[in-house]
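The values are calculated or read from the model by the stated rules, or taken from the named source; none is laboratory data. If you're wondering where the values come from, they're calculated on a predicted model, not measured in any experiment. Heads up, the Cβs are rebuilt from the backbone with ideal geometry, glycines too, and the neighbour counts pull from every protein chain shown.
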Amino acid sequence: MACEILIACRRLGKSYHDIRHGERVVALDEVSLEIPRGQFVTVIGPSGCGKTTLLNIVAGFEQPSAGELLVEGQPIQGPGADRGVVFQEYALFPWLTLRQNVEYGPRERGVPRAEASEIVDRTLRLVGLHGAENRYPHELSGGMRQRVALARVLVNDPKILLMDEPFAAVDAQTRASLQREVARLWAETGKTVLFITHSVEEAVLLGDRVVTLTPRPGRVKDDVAVELARPRDPTSPAFNDYRRAIERLLANTAAPTEVSGG
Amino acid sequence: MRRCTVPVAILLVWQGVVASGWVPRASLPSPAAVAEAWWIWIFGPVTSLSWYSGTWGLYVLMSLRRVIVGFAIAAGAGVGLGVLIGWYAAVEDLFDGVINFLRAVPMTAWVPFAVFFFGIHESAAVFLIAFGSFFPVVVNAAAGARQTPRILIRAARMLGTRPRKLLVRVVLPAALPAIFTGLRVGLGLAWVLVIVAEMLAVQGGLGYALWSAYQFSRLDLILAAIASVGILGLGSDRLVVAGAGRVLRWQRGLTGL
């Protein structure tokens, strides 16, 4: 059970036609990755390395142009509530209140009203959001919006959590508290998490594994298991060893391909 | 208090200009004379001796009814078709050319056609109003639907919304601010067109009164009719804004609407 592969990327490739520059861009090339159930995997790489493309393929938003993606051994059929996505830009429905945003998923899946209301309450408590339920997204701080985004995904009890640089847009203090929150939620719920980030510290802080990608075309550069006890202390020497090692991996990949795209 | 300053000043200057004799009384009646004519138009007895006495309420109702019916048709069809145009590329391909062509023709150019086609009949006025105010509504609804953020579509999909339900769940609410903009513009146009239609194509209504007053050289009644249309147009616009305020509660503080 411990080794059951939940997500399998087999030589995934993604290329698309850049209309503005009239050239083919290879975003991902031969990316193979296996993620066991319950694991927290962080993916890090320079901007433009296709890490968001990888997440979009797992989410079902984009189709791979080569290779295959299996979830529980099956190819996926588009996006679905079994794979909850937390976006950097929150992507809350601005016309729905906080509570209505969280209720959205259960409603769409046809969960009976009473039951939905109960799981919404439980989820709001889980992420610490009760009290502001009737506010609209634009009335909330960035940190609270991201909590709502997390809650509306968790309420669906997804198999997989896909997080696309979720804390890149919030201030440092809020980010630290959200990171602790995510680590706690992961420990409590045992979800499988694919977490995209451009922060080495964040990658080491949260990941069981840190997957580094090369810049265009995105390939797996290395896959580092982080063997540190949780909760992790970013100021400890061991933590810094990991951070240094991963920074070095990224530095090695970034330099030679830094050419102007026109 | 400050809101009333300019209107009161205009009335005072107007009264002063007329009283001083700079402008001949036949070219511009005083505000008091307009008010008096208006009073008779509203509250005077209905007799065969006067073509206008006591007819105001009836004419207002006639114009209102034409605007409401015509605008309701335009709003329903415009929002429905507009959202479909903005969301489905195929629908856009079908309608975009025709709509842009028809939109380029000023609605007043349709008046002779409408009179020939429908005759001097209610349907001519309703046609002009519905057809004319349809265009701003459809164009704005389409623009609003087209600008639905892709990330909200993706969010809905990953939360379990099926593709066929995206239109109702995401595209329509996302387009609502633009839809209300279109409705306001459309309603303004509906008042323009009801006056044009009543002057040329149908009997009764404020536009009809306006034209009759012109033919009888009654400048006081012309001005009273203009003021009446202004009040109704402003009132109906306030209603739409109030409706938008309720529906777009989630936007409060984001826009000036």
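Could you identify the single residue in A:Arg109, A:Arg113 that is closer than 30 Å to A:His138 by Cβ and more than 14 Å from chain B (Cβ to nearest Cβ)?
None of the others qualify; the one that does is A:Arg113.
Quick test for you: out of A:Leu126, A:Leu161, pick the one residue that is at pLDDT 95 or above and among the aliphatic types (A, V, I, L, M).
Answer to the selection: A:Leu161.
For A:Ala8, state whether it is small (Gly, Ala, Ser), in a strand (DSSP E or B) and crowded, with 22+ Cβ neighbours inside 10 Å.
Taking the combined requirement at face value, the residue does not satisfy it.
Would you say B:Gly245 is modelled with pLDDT under 95, under 30 Å from B:Leu61 (Cα atoms), in contact with a strand residue (DSSP E or B) (Cβ under 9 Å, 6 or more places away or on another chain) and not β-branched (Val, Ile, Thr)?
Judged against the criteria, B:Gly245 is a match.
Here are B:Trp211, B:Trp191, B:Trp250: which of them is more than 21 Å from B:Ile120 (Cα to Cα) and of a type in the set (Phe, Trp, Tyr)?
Among B:Trp211, B:Trp191, B:Trp250, only B:Trp250 is more than 21 Å from B:Ile120 (Cα to Cα) and of a type in the set (Phe, Trp, Tyr).
Can you tell me which residues in the range B:45-79 are farther than 24 Å from B:Ile231 by Cα and either buried (at least 22 other Cβ atoms within 10 Å of the Cβ) or touching a residue at least 40 places away in the same chain (Cβ under 8 Å) (or both)?
B:Ala77, B:Gly78, B:Val79
Identify the single condition in (1) surrounded by fewer than 20 Cβ atoms within 10 Å (Cβ to Cβ); (2) away from chain A (no Cβ under 14 Å); (3) in contact (Cβ under 8 Å) with a residue 12 or more places away in the chain that B:Gly207 does not satisfy, given that it satisfies every other one.
With (1) surrounded by fewer than 20 Cβ atoms within 10 Å (Cβ to Cβ); (2) away from chain A (no Cβ under 14 Å); (3) in contact (Cβ under 8 Å) with a residue 12 or more places away in the chain applied to B:Gly207, the lone miss is (1).
Just give me the residues in the range A:59-75 being out of contact with any strand residue (DSSP E or B) (no Cβ under 6 Å at 6 or more places or on another chain) and buried (at least 17 other Cβ atoms within 10 Å of the Cβ), in sequence order.
Correct list: A:Gly60, A:Phe61, A:Glu62.
May I ask you to list the residues in the range B:29-44 that are outside any helix (DSSP H, G or I) and surrounded by 17 or more Cβ atoms within 10 Å (Cβ to Cβ)?
If the condition is that a residue be outside any helix (DSSP H, G or I) and surrounded by 17 or more Cβ atoms within 10 Å (Cβ to Cβ), then B:Pro29, B:Ser30 are the ones that fit.
Which condition breaks for A:Trp95 when tested against (1) surrounded by fewer than 23 Cβ atoms within 10 Å (Cβ to Cβ); (2) farther than 27 Å from A:Ile246 by Cβ; (3) under 17 Å from the mean Cα position of the chain (by Cα)?
A:Trp95 satisfies every listed condition except (3).
What's the number of the only condition in (1) over 30 Å from B:Ser50 (Cβ atoms); (2) in contact with a His (Cβ under 8 Å, 6 or more places away or on another chain) that B:Val202 fails to meet?
(1)
Please tell me if B:Gly80 is closer than 30 Å to B:Thr148 by Cα and modelled with pLDDT of 95 or more.
yes
Considering only residues that are touching a residue at least 24 places away in the same chain (Cβ under 8 Å), outside any loop (DSSP other than H, G, I, E, B) and within 13 Å of chain A (Cβ to nearest Cβ), which ones fall in the range B:138-158?
Within the range B:138-158, just B:Gly144 meets the criteria.
Considering only the range A:44-63, how many residues are over 15 Å from A:Arg219 (Cβ atoms) and of a type outside the set (Val, Ile, Thr)?
Number of matching residues: 8.
Among the numbered criteria (1) outside any helix (DSSP H, G or I); (2) surrounded by 22 or more Cβ atoms within 10 Å (Cβ to Cβ), which one does A:Gly128 miss?
Tallying (1) outside any helix (DSSP H, G or I); (2) surrounded by 22 or more Cβ atoms within 10 Å (Cβ to Cβ), A:Gly128 fails exactly one: (2).
So which of A:Pro215, A:Pro158 ends up being touching an Asp or Glu at 6+ places or on another chain (Cβ under 6 Å), buried (at least 18 other Cβ atoms within 10 Å of the Cβ) and outside any helix (DSSP H, G or I)?
Every option except A:Pro158 fails the conditions.
Determine which single condition A:Lys221 fails, assuming it passes every other condition in (1) touching a helix residue (DSSP H, G or I) at 6+ places or on another chain (Cβ under 6 Å); (2) within 16 Å of A:Leu55 (Cβ to Cβ); (3) charged (D, E, K, R).
(2)
Tell me whether the range A:13-29 contains one or more residues that are surrounded by 15 or more Cβ atoms within 10 Å (Cβ to Cβ) and under 16 Å from B:Gly160 (Cα atoms).
No, the range A:13-29 has no match at all.
Would you be able to say whether some residue in the range A:78-88 is more than 14 Å from chain B (Cβ to nearest Cβ) and either in contact (Cβ under 8 Å) with a residue 12 or more places away in the chain or not in a strand (DSSP E or B) (or both)?
So far as the range A:78-88 goes, no, none of its residues is more than 14 Å from chain B (Cβ to nearest Cβ) and either in contact (Cβ under 8 Å) with a residue 12 or more places away in the chain or not in a strand (DSSP E or B) (or both).
Do we find that B:Trp250 is more than 30 Å from A:Thr97 (Cβ to Cβ) and either part of a helix (DSSP H, G or I) or modelled with pLDDT under 95 (or both) in this structure?
When the stated conditions are applied, B:Trp250 does not pass them.
Taking B:Leu11 as the residue in question, decide whether it is assigned to a loop (DSSP other than H, G, I, E, B) and under 29 Å from the mean Cα position of the chain (by Cα).
Against the criterion (assigned to a loop (DSSP other than H, G, I, E, B) and under 29 Å from the mean Cα position of the chain (by Cα)), B:Leu11 does not qualify.
For A:Pro36, all conditions in the list (1) more than 13 Å from every other protein chain (Cβ to nearest Cβ); (2) at pLDDT below 95; (3) more than 30 Å from A:Met144 (Cβ to Cβ) hold save one; what is the number of the exception?
The failed condition is (2).
Only one of A:Glu201, A:Glu227, A:Glu181 is in the same structural domain as A:Thr42 (by TED's automatic domain parsing) and closer than 24 Å to A:Leu129 by Cα; which?
The match here is A:Glu181.
Exactly one of (1) without any contact (Cβ under 8 Å) to a residue 40 or more places away in the chain; (2) away from every other protein chain (no Cβ under 14 Å) is unmet by B:Val126. Its number?
(1)
Step by step: first the residues of the range B:159-172, then only those that are of a type in the set (A, V, I, L, M) and either part of a helix (DSSP H, G or I) or touching a residue at least 24 places away in the same chain (Cβ under 8 Å) (or both), then the one that is nearest to the other protein chains (Cβ to nearest Cβ). Which residue is that?
B:Val170
Go through the range A:31-70 and give me each residue that's assigned to a strand (DSSP E or B) and farther than 24 Å from A:Val226 by Cα.
A:Ala66, A:Gly67, A:Glu68, A:Leu69, A:Leu70
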